[in-house]
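One structure is given below, encoded as structure tokens.
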Amino acid sequence: MHEPPFPSRFDEADESPPQVHPTAVVGPGCRLGQGVKIGPYCMVSEEAEIGAGSVLANGVTILGRVRLGRRNMLHTGCVIGGEPQDISYRGTPTEVVIGDANVIREGVTINRGSEKEDGQTVIGSHNFLMAGCHVAHDCCIGDHVTIANATLLGGHVRVESHASLSGGVAVHHFARIGSWAFVAGISRVLQDVPPFMLAEGMPARPRCANLVALRRGGFAMPEIDAIVEAHRLLYRAKAGLAATREILETHQQLLPQVEQLLAFIATQQEGRHGRALERRRAA
């Protein structure tokens, strides 16, 4: 099954006191767990919480209310917790919540939430965000997600667990990337990308099943075959949801993964512009 990209040298428990470089500026109210290492010229807000074993390389900036879990690795020049880039933001004390064992590479920016949802930007565990990525306000990223260099997530984007985005991808605000989906490089994502699909293009469209990830993820061949057939019926034969469900059920291929795919597409179709999260704005 999927292995986290977290460096093995940080897997061992570190019971030592936090280590803060003399040039780092750490707010007096900041909470640092055991084994935390804060490198040269970092700046950490007094409202931040850094979990045990996490490492901040040189020049990392933590602003406002940021809750960082255990054993995260933040590389040079990251800026976590900056104000949302939203003209309606009025200074509400929103936050960023990050799980465990994430690798956040050079120059990544993660903005805190806005007042428009629950005030949180949330990133799960075992994720790999490569250099120059931007995660906008109110985004929610699951677990075991890989986001390659210079990819930009607009506000309120959802990326489900085990999804992967290649380099230079731009994701429209309120779009969803389904679990085990892959978005190819330099794609423009204007609509939701269904789970288990490989999408690419400008705008991005589901081109085929994400076979590489499914095989690496340990999916059984009957599951993969059912997903491939669902893609054929939906996107090549244009059979529609009801007919696709009936055909797959007849061939005993209406497996849980296919049900997940069909449910995702059904909610997508209820949304505006192919984005399920904009349903509330459709009236």
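Protection proxy ranking for 22-31, 199-208, 138-147, using the average of other Cβ atoms within 10 Å per residue and placing the highest first: 138-147, 199-208, 22-31.
Using the Cα centre as the reference, give the magnitude of the dipole from point charges on the C-beta atoms of the range 8-156 (Lys, Arg: +1; Asp, Glu: -1; all else neutral), rounded to the nearest 20 debye.
The calculation lands at about 240 debye.
When you restrict to C-alpha pairs under 8 Å that are six or more residues apart and normalise by the size of the range 185-267, the relative contact order lands at 25 percent.
Under the definition of Cα pairs under 8 Å and six or more residues apart, what whole-number percent is the relative contact order of the range 58-103? Relative contact order, the range 58-103: 51 percent. Near Cys139, the amide H atoms lying under 5 Å from its own belong to Val122, His156, Val157; only residues 5 or more places off or on other chains count, and H is placed 1.01 Å from N.
Just need the relative contact order of the chain here, percent rounded to a whole number, with Cα pairs under 8 Å and 6+ apart.
So the answer I get is 9 percent.
For the range 8-156, build the charge dipole from Cβ charges (+1 Lys, Arg; -1 Asp, Glu) around the Cα centre, then report which of His134, Val55, Thr76 sits farthest towards its positive end. Going by the Cα projections, it comes out as Thr76.
Semi-axes of the equivalent ellipsoid for the range 124-236, computed as √(5λ) from the eigenvalues of its C-alpha gyration tensor and ordered from largest down, come to 23, 15, 11 Å. Considering all C-alpha pairs of the range 216-281, those separated by over 19 Å amount to 36%.
Rg and Dmax of the range 30-109, both derived from C-alpha coordinates alone, stand at 12.1, 39 Å.
Take every DSSP beta bridge whose two residues both sit in the chain; close to 10 percent of them are antiparallel.
With no solvent and one point on each alpha carbon, what is the Debye value of log10 I(q)/I(0) for the chain at q = 0.10, 0.15 Å⁻¹? Normalising to I(0) and taking log10 leaves -0.55, -1.07. The long axis of helix 241-250 is offset from the longest Cα principal axis of the chain by roughly 70 degrees. Taking K and R as +1 and D and E as -1, what net charge do the other residues with C-beta under 15 Å from the C-beta of Glu115 add up to? The answer is -2.
Using 0.36 nm per residue and subtracting the Cα-Cα separation, the extra length available between Thr267 and Glu117 on full extension is 52.1 nm. When each of Leu255, Leu153 is scored by the number of other beta-carbon atoms lying within 10 Å, the sequence from fewest to most is Leu255, Leu153.
Here the dipole of the range 133-223 is about 220 debye; that uses its Cα centre as origin and unit charges on the Cβ of Lys and Arg (positive) and Asp and Glu (negative). Towards the positive end of the charge dipole of the range 216-281, with charges on Cβ (+1 Lys, Arg; -1 Asp, Glu), say which of Gln252, Gly240, Gly218 has the farthest Cα. After comparing all options, I get Gly240. Comparing Thr121, His172, Tyr89 along the charge dipole axis of the chain, the residue lying farthest to the positive side is His172, per the Cβ-charge model. By the beta-carbon count within 10 Å of each Cβ, the least crowded to most crowded order of Val183, Val79, Val108, fewest first, is Val79, Val108, Val183. Each principal axis of the Cα cloud of the range 8-156 was taken in turn, and the coordinate range along them, longest first, works out to 42, 32, 22 Å.
So, with +1 on the Cβ of K and R and -1 on the Cβ of D and E, and no other charges, what is the size of the charge dipole of the chain about its Cα centre, to the nearest 20 debye?
Once rounded to the nearest 20, the dipole reads 760 debye.
Residue ranges 188-194, 14-20 sort as 188-194, 14-20 when ordered by packing (mean number of other C-beta atoms within 10 Å per residue, highest first).
Quick note: the coordinates plus some simple rules give every number you see, no bench work behind them. These numbers come from a predicted model, not from an experiment. Glycine also receives a Cβ, built like all others from the backbone with ideal geometry; neighbour counts cover every protein chain displayed.
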